[in-house]
């Protein structure tokens, strides 16, 4: 069983590629949270995996929320692993995960880091198609190495993307995310075609449609930016980000 969260396709692609090697089923955390599905029977599971992106050198808020409510019936020291997708470094996101799992009596057996296309456009510009493909080709090598280790149930730290002083990096960066995540910078332009996709994919139900036009009716969200990246007309914008920074969804996975 592989639990994953993904807004722009990187972690979804990673989870599905690993599942194709390990023959494990996947569970999308967004759908699990929406349906309030927090209890899973893992008595017949050999491996239990988590594939999630790194936000500000830590875990997305929806991942922490899900783990706090998660109950695995039939857990008896199965192999549990974490795969972190990131732009460059993962910081101490694995340390955060290990602590949350420990509270549930679950031991993290192994961790992996997968460098992907960085798509946090409030700070970075999406690279061109050629660079994206080069980065995804490299990512596939990391994913396949991880999948082989996971299938063999390798124990330990396989993460080559933690960066220097990961604890310090997370301590410095993560509070900005944890105490921020304001929805105020989201704006909608007249290019909106009222398709409703943003509301459909919002991980935390922060978007409400009024006459077909989206409004952010919660003060905070996961800050996954899925609504912005996947808007078909790019009508959703981030007030403080240049439109030149572009949009991104992993081209090698179905939305």
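The single residue among 91, 74, 105, 87 that is at negative phi and either within 20 Å of the chain's Cα centre (by Cα) or surrounded by fewer than 18 Cβ atoms within 10 Å (Cβ to Cβ) (or both) turns out to be 87.
Does the range 159-181 hold any residues that are closer than 17 Å to residue 85 by Cβ and either buried (at least 19 other Cβ atoms within 10 Å of the Cβ) or free of Cβ contacts under 8 Å to residues at least 40 places away in the same chain (or both), and which are they?
Narrowing the range 159-181 to residues closer than 17 Å to residue 85 by Cβ: 159-163, 166, 169-170, 173-174, 177.
Within the range 159-181, 159, 161, 162, 166, 169, 170, 174 meet the criteria.
Filtering the range 224-248 to residues that are within 27 Å of residue 16 (Cα to Cα) and crowded, with 20+ Cβ neighbours inside 10 Å leaves 224, 225, 226, 227, 228, 229, 230, 231, 248.
Of everything in the range 133-155 that's outside any helix (DSSP H, G or I) and out of contact with any helix residue (DSSP H, G or I) (no Cβ under 9 Å at 6 or more places or on another chain), which residue is farthest from residue 24 (Cα to Cα)? Among those residues, the one meeting the criterion is 155.
Is it the case, given these coordinates, that residue 13 is touching a helix residue (DSSP H, G or I) at 6+ places or on another chain (Cβ under 9 Å), in contact (Cβ under 8 Å) with a residue 40 or more places away in the chain and part of a strand (DSSP E or B)? Give the derivation first.
Working: touching a helix residue (DSSP H, G or I) at 6+ places or on another chain (Cβ under 9 Å): yes; in contact (Cβ under 8 Å) with a residue 40 or more places away in the chain: yes; part of a strand (DSSP E or B): no.
No; evaluated as a whole, the condition is false for this residue.
Filtering the range 23-57 down to residues that are assigned to a loop (DSSP other than H, G, I, E, B) and under 14 Å from the mean Cα position of the chain (by Cα), which residue is surrounded by the most Cβ atoms within 10 Å (Cβ to Cβ)? Taking the candidates together, the pick is 54. Could you please find all residues in the range 200-222 being under 24 Å from residue 59 (Cα atoms), touching a strand residue (DSSP E or B) at 6+ places or on another chain (Cβ under 7 Å) and surrounded by fewer than 21 Cβ atoms within 10 Å (Cβ to Cβ)? Within the range 200-222, 217, 219, 220 qualify.
Rundown of residues vs (1) in the same structural domain as residue 30 (by TED's automatic domain parsing); (2) assigned to a loop (DSSP other than H, G, I, E, B); (3) farther than 22 Å from residue 28 by Cβ, yes/no style:
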{"residue": "173", "(1), (2), (3)": "yes, no, yes"}
{"residue": "192", "(1), (2), (3)": "no, yes, yes"}
{"residue": "203", "(1), (2), (3)": "no, yes, no"}
{"residue": "214", "(1), (2), (3)": "no, no, no"}
{"residue": "218", "(1), (2), (3)": "no, yes, no"}
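For the range 221-255, the candidate set comprises residues that are free of Cβ contacts under 8 Å to residues at least 60 places away in the same chain and assigned to a strand (DSSP E or B); within that set, the residue that is farthest from residue 196 (Cα to Cα) is 237. Every condition in (1) in contact with a helix residue (DSSP H, G or I) (Cβ under 9 Å, 6 or more places away or on another chain); (2) in a loop (DSSP other than H, G, I, E, B); (3) modelled with pLDDT of 95 or more is met by residue 167 except one, and the failing one is (2).
The values are calculated or read from the model by the stated rules, or taken from the named source; none is laboratory data. The shown structure was predicted, so the numbers you read here are calculated from the model rather than taken from an experiment. Reconstructed Cβ throughout: ideal geometry from the backbone, glycine too, with neighbour counts over all protein chains shown.
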